[in-house]
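S.K.: Quick one: structure below, then a few questions.
The values are calculated or read from the model by the stated rules, or taken from the named source; none is laboratory data. None of the values given here were measured: they were computed from a predicted structure. Neighbour counts run over all protein chains shown; Cβ positions are idealised from the backbone, glycine included.
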Amino acid sequence: MLLSLEGNESSGKTTLAYSAPLPIIGFAFDMGFERAIQGGRYNELFKGLRINTVPYDGNPDGKVWDDIDITVFELPQPIQLDSIRVIGCQKLWQYFIQLCAKALSDPRVGTVVVDTMTVARRVKASAYLEGLQGVAFDNNGNRKLGERLREKLIQIEYGSVNDAIRDIYTSTAGVKRNLVATHHLTDERKDHIGKDGQIEQVLTGNKLLEGLAGTHRFVDIAMRMEKVDGKLGGKFLKCGYNLSQEGTTLSDPTWDGIANLVAMGTGDRVQLDRRRPVEVS
């Protein structure tokens, strides 16, 4: 199953993501996974599991997840010392995408988690910009005379960035592996004609998934995580297995809870992978 989770900070996205079938290979762009795993649902979901955290070192070694239940690769964004020039994002993206490809091609891996895909897309955009900026420097890293330094991408150049993110979804579907991608939310803006007749953008009050437009088209289930009166819930924005379940809210959702709901809604015709085997009565 390809599962998309979106929501504000501390809405349970990461905890739900790591409740997926084992072994899990996680890519932590947001660096908040320890709080999610060691938090209030530790005894229910993570107690007794072999969990390994791999600091970023630029060496994509796929053997580190042997005999481990949850392997989390830390992917901190490089510190930028210059306000314009981007450094280190190409290396970070290559490290991530090589490990991701190894995880998806390893039949022992149960689930790949990208937390968050929002930040992964930002890293890819910065890596693309870093490549464009490279033409302004010689092999010794010195600025070439007369060469303009690109400050940002133009809209058409995001096509390459979006293709890279889209390939992760399509590749995962192709090898029939489980994927959980988490996303931040952003404010929705719409064009509005002001008093002076000029078009300006205004906030609508709605929230949208921040990242690849049309993400829901590439996943089987999309869920919006919400916190209401201190309780967590997940609302199905898309359920490709049973359209009638769209709009349904699941309290304190887990991967197995989602899989059980899908099975019930399809008369047990669809049986998704689970963290724990289904008990037969």
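S.K.: Return the residues of segment 176-187 that are modelled with pLDDT of 95 or more and polar (S, T, N, Q); say none if nothing qualifies.
M.R.: Those that are modelled with pLDDT of 95 or more and polar (S, T, N, Q): Asn178, Thr182.
S.K.: Can you tell me how many residues within segment 145-174 are surrounded by 16 or more Cβ atoms within 10 Å (Cβ to Cβ) and of a type in the set (Val, Ile, Thr)?
M.R.: 4
S.K.: OK, next. Which numbered condition trips up Gln94, out of (1) closer than 30 Å to Val64 by Cα; (2) surrounded by 21 or more Cβ atoms within 10 Å (Cβ to Cβ)?
M.R.: (2)
S.K.: Here's something else I'd like to know. Scan segment 110-131 and report the pairs whose first residue is on the phi < 0 side of the Ramachandran plot and whose second residue is among the polar types (S, T, N, Q) and not in a helix (DSSP H, G or I), with Cβ atoms within less than 6 Å and a gap of 6+ or a chain change.
M.R.: That search, which allows pairs on different chains as well, returns Thr111/Asn178; Asp115/Thr182; Thr116/Thr182.
S.K.: To continue, here is another question. Looking at (1) more than 17 Å from the chain's Cα centre (by Cα); (2) closer than 30 Å to Ala127 by Cα, can you tell me which one Thr71 breaks?
M.R.: So Thr71 meets the others, but not (1).
S.K.: With the condition kept exactly as written, say whether any residue in segment 97-107 is outside any helix (DSSP H, G or I), among the aliphatic types (A, V, I, L, M) and in contact with a helix residue (DSSP H, G or I) (Cβ under 8 Å, 6 or more places away or on another chain).
M.R.: So the first thing to find is which residues in segment 97-107 are outside any helix (DSSP H, G or I), and the list is 106-107.
Next cut, among the aliphatic types (A, V, I, L, M) only: none.
No, segment 97-107 contains no residue that is outside any helix (DSSP H, G or I), among the aliphatic types (A, V, I, L, M) and in contact with a helix residue (DSSP H, G or I) (Cβ under 8 Å, 6 or more places away or on another chain).
S.K.: Could you check Val180 against (1) at positive phi; (2) surrounded by 19 or more Cβ atoms within 10 Å (Cβ to Cβ) and say which number it fails?
M.R.: (1)
S.K.: If you don't mind, there's one more thing I want to ask. Residues that are basic (Lys, Arg), crowded, with 23+ Cβ neighbours inside 10 Å and touching a residue at least 24 places away in the same chain (Cβ under 8 Å): which helices (runs of 4 or more DSSP H) entirely in segment 5-79 hold 1 or more of them?
M.R.: Numbers: elements: 13-17, 33-38, 42-45.
Helices (runs of 4 or more DSSP H) meeting the threshold: 13-17.
S.K.: So is Ser83 surrounded by 15 or more Cβ atoms within 10 Å (Cβ to Cβ), among the small types (Gly, Ala, Ser), at pLDDT below 95 and over 27 Å from Leu22 (Cα atoms) or not? Walk me through it before giving the result.
M.R.: Details: surrounded by 15 or more Cβ atoms within 10 Å (Cβ to Cβ): no; among the small types (Gly, Ala, Ser): yes; at pLDDT below 95: yes; over 27 Å from Leu22 (Cα atoms): yes.
For Ser83, the condition - surrounded by 15 or more Cβ atoms within 10 Å (Cβ to Cβ), among the small types (Gly, Ala, Ser), at pLDDT below 95 and over 27 Å from Leu22 (Cα atoms) - is not met.
S.K.: Which residue is nearest to the chain's Cα centre (by Cα), if the candidates are limited to segment 102-138 and must be closer than 20 Å to Asn162 by Cα, surrounded by fewer than 20 Cβ atoms within 10 Å (Cβ to Cβ) and among the hydrophobic types (A, V, I, L, M, F, W, C)?
M.R.: Leu104
S.K.: Which of the residues spanning segment 139-187 are within 23 Å of the chain's Cα centre (by Cα), touching a residue at least 40 places away in the same chain (Cβ under 8 Å) and not in a helix (DSSP H, G or I)?
M.R.: Within segment 139-187, Val175, Arg177, Asn178, Leu179, Val180, Ala181, Thr182, His183, His184, Leu185 meet the criteria.
S.K.: Examine segment 163-175 for a residue that is among the hydrophobic types (A, V, I, L, M, F, W, C) and at pLDDT below 90, and state whether such a residue exists. Full working, then the answer.
M.R.: Start the filter on segment 163-175 by keeping residues that are among the hydrophobic types (A, V, I, L, M, F, W, C), which leaves 164-165, 168, 173, 175.
Going one step further and asking which of them are at pLDDT below 90, we end up with none.
Checking segment 163-175: not a single residue is among the hydrophobic types (A, V, I, L, M, F, W, C) and at pLDDT below 90.
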